[in-house]
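Working notes, beginning with the structure itself.
Since every read-out is calculated from the coordinates, none of them should be taken as a lab result. Just so we're clear, the structure is a prediction, and the values are computed from it rather than from any experiment. Glycine also receives a Cβ, built like all others from the backbone with ideal geometry; neighbour counts cover every protein chain displayed.
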2 protein chains.
Amino acid sequence: MAGHRNVTIKDVAARAGVSITAVSHALNEKGTLSEETRARIREIATAMGYQADALARGLRRSQIGVIGIVLRPLDALANYSPPGVDYFLRFAGAAAVSALDHGLSLMQVADLVKGPVTPLAFSLDGYVVTDPVRDDPVVDLLESRSIPYVTLGRDPGKPEASNWVASDDAAATRTALDHLAEGGARSIAFVGGTDDNSWNADAESAYLQWCSEHGATPRHFRSPEGLGEAGGRDLVPQLLANGVPDAIYSLTGRHAAGIQEAMRERGYVAPEHYLLACGTDAAQTRTAEPPITAIDLRPEVLARETVELLARITRGQAPEGRRLVASELIVRRSSQRAE
Amino acid sequence: MAGHRNVTIKDVAARAGVSITAVSHALNEKGTLSEETRARIREIATAMGYQADALARGLRRSQIGVIGIVLRPLDALANYSPPGVDYFLRFAGAAAVSALDHGLSLMQVADLVKGPVTPLAFSLDGYVVTDPVRDDPVVDLLESRSIPYVTLGRDPGKPEASNWVASDDAAATRTALDHLAEGGARSIAFVGGTDDNSWNADAESAYLQWCSEHGATPRHFRSPEGLGEAGGRDLVPQLLANGVPDAIYSLTGRHAAGIQEAMRERGYVAPEHYLLACGTDAAQTRTAEPPITAIDLRPEVLARETVELLARITRGQAPEGRRLVASELIVRRSSQRAE
DNA sequence: GTCATTGCATAAAACGATTTGTGAAGCTAG
DNA sequence: CTAGCTTCACAAATCGTTTTATGCAATGAC
């Protein structure tokens, strides 16, 4: 059943009694062929089941219809799909679907900068890079190879860049804090990550701003993203150092889950003893006991916008970047003061 | 920052003062160059940051270092990542990692047979096809293009084929049924899917066999995979038609979840009123209330074996296929008779 | 001094498309 | 009849590799 060599442009040309140029022009609406000839060639081509070889075409056009995606924060983690990061999985899945709408397909590329990388990596049409950090080596690499890319979240080191899509983290943070304040919280502690990306930066500065506007004393903590739940747990003694805070706002889902556990072990349960909210929604926030109020960053919308921007750029169109996507607060039990 | 054309083999040749043939030979350990020349060329090449263009190389070698994966059962579903199918996600994730071990990377290809498909689809080195059904059009397509592939689960229409890896579903089914019987169940109902794939077929026939060996009357139901939880719910009246069964063994996680819900609504709770077990593990079986006993198909092991087999085949080595992977029963509350 | 033999390097032909430039007809205008 | 236009098709160059076949020195044997 093997040896069935695929039909090439040469085969079609032979059958149609024309040159390969004619075939190429007919199929790509180029050149100066007569409409009759075009039609005849098209007909024969489909009859023979001809499909242009993507590699050969790509070699000429330097476009192969595939974009890469680099999930930056996951590069750092040992496991590529730990629980609590389903924001990225949802984003990647949605990006793949969106890509199809533009006739592109999506290839996930693991860590572009270390180790042997996919041979195809540098032949892709463009990249989506999620949550780059300042002076991100992946971004630098793409720049040096002049491969187009769009980042999800601003690149903190490139304020002038416009090739990004991001969730409106400042607004989301204010919404969450307002919600907690409405629940009666006066002192709200903030827990962020340590990666130098725009998500952490924007949420943090929005928190500080909010505190100053509301005359609250900021209580502000950080824990490395990589530590996950353990990082959240370890923070609890500090969180309790000056008494139990009225509310805790944790950016990452894994920290939030760890905090909730460690708090419970000490006898503090949300929403009775404190309010809890999280900056991103995940399986963990949904299934926690009690379920944790969280911000839905709307990865599907973000993915659509990101891929659309990248697709335009690869098509050489003028990019209208810097797109902000509004998030949505999902109120759950952890922040609803009992009646 | 653009226009920074990548360094080609020609550039390296020019700098080294040799022919491009020499460069190619030096870098690929071919030809009859002297060891000194080889070394010198290698040095210059790395100094210049040369990396062979994957497309051009692929055009010659017809191997680009990328394999495709088709998640067959998901093609049928509207959404590509509905809850309860995380077996596939785990499998795909693990396959990607395994691929890297073989210097390959993995590209997920959505539905190869309908609609416009990735241009690159037919230039990939090979495919992993999960759970093909009888006369699967995807498999036929790959055959007709003589693209190598390995299936996860036997192709029911190709008993002579050896290019497959599968979980040992007959053994797993017996293990689960034995476990339920140990819990005191005499009548055990079986719920399978309707897809004509080997998973359904093997589990079903193992069930019938087990029943005849144990003198039990088989009570055996089917519901289309696509219906998900609703399909499970709708089956409950039939399941209860002849009284409450001692135990229910549902192959898919989504059916199991639906069954559990609809049973509870009628006042039947596992494990008090009946025992429940599921043929695959998923977020739903873990977080259900009570958590559902399930079979861990060990997607990571399956992925490793599958990719390894495919990698050998693409390298032209003699394939040793037909690999069976043992599953593992995870006992949870739904099947543990209270003391 | 000639003829093999060996050692080393290269020229040229693929791979399968796209694109640029050229030219052969057929037609019209003078 | 010829110059000038169109109209339509094709030859050949190109993309960046790999691979096959060829060739040139230098060495050794007689």
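So here's what we get for this one:
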item	result
Residue order, fewest to most surrounding Cβ atoms within 10 angstrom, among B:D281, A:D178	A:D178, B:D281
Size of charge dipole - the protein assembly as shown - debye, nearest 20, with Cβ of Lys, Arg +1 and Asp, Glu -1, no other charges	1820
Reachable aspartates and glutamates from B:K10, criterion Cα separation under 16 angstrom, eight or more residues apart if same chain	B:E43, B:D53
Where only alpha carbons of chain B are counted, the Rg and the Dmax (Å)	25.6, 87
Alpha-carbon gyration tensor eigenvalues x 5, square-rooted, for the protein assembly as shown, Å	45, 38, 22
Shortest-first nm distances, B:P237 label point to equivalent points in other copies (7 Å, Cα→Cβ)	6.1
Computed Kirkwood radius, in angstrom, where 1/r is averaged over Cα pairs of the stretch B:249-339	14.8
The stretch A:116-199: translational diffusion in µm²/s, Stokes-Einstein, Kirkwood Rh over Cα pairs, 4 °C, 1.567 mPa s	86
Radius ratio Rg over Rh of the stretch B:180-317, counting only Cα atoms, Kirkwood formula for Rh	1.05
Two-site FRET efficiency, B:E35 against B:R315, from Cβ-Cβ distance with R₀ of 30 Å, rounded to 0.05	0.65
Stretchable slack from B:S212 to B:E182, in nm (0.36 nm times residue separation minus alpha-carbon distance)	9.1 nm
Paired Rg and Dmax values of the stretch B:9-52, which use every Cα atom, in angstrom	8.9, 24
Reciprocal of mean inverse Cα separation for the stretch A:212-285 (Kirkwood radius, Å)	12.5
Candidates per trypsin sites (Lys or Arg not before Pro) in the stretch B:179-264, loop by DSSP, up to 16 other Cβ within 10 Å	B:R186
All-pairs Cα distance distribution in the stretch A:219-258, expressed in whole percent, bin size 5 Å	6, 25, 38, 23, 8, 1
Unit charges on C-beta of K, R, D, E only; dipole of the stretch B:9-52, Debye	100
Per-residue [θ]222 nm for chain B (sum of -39500 (n - 2.57) over DSSP H runs n ≥ 4, rounded to 500)	-13000 deg cm²/dmol
Size of charge dipole - chain A - debye, nearest 20, with Cβ of Lys, Arg +1 and Asp, Glu -1, no other charges	1120
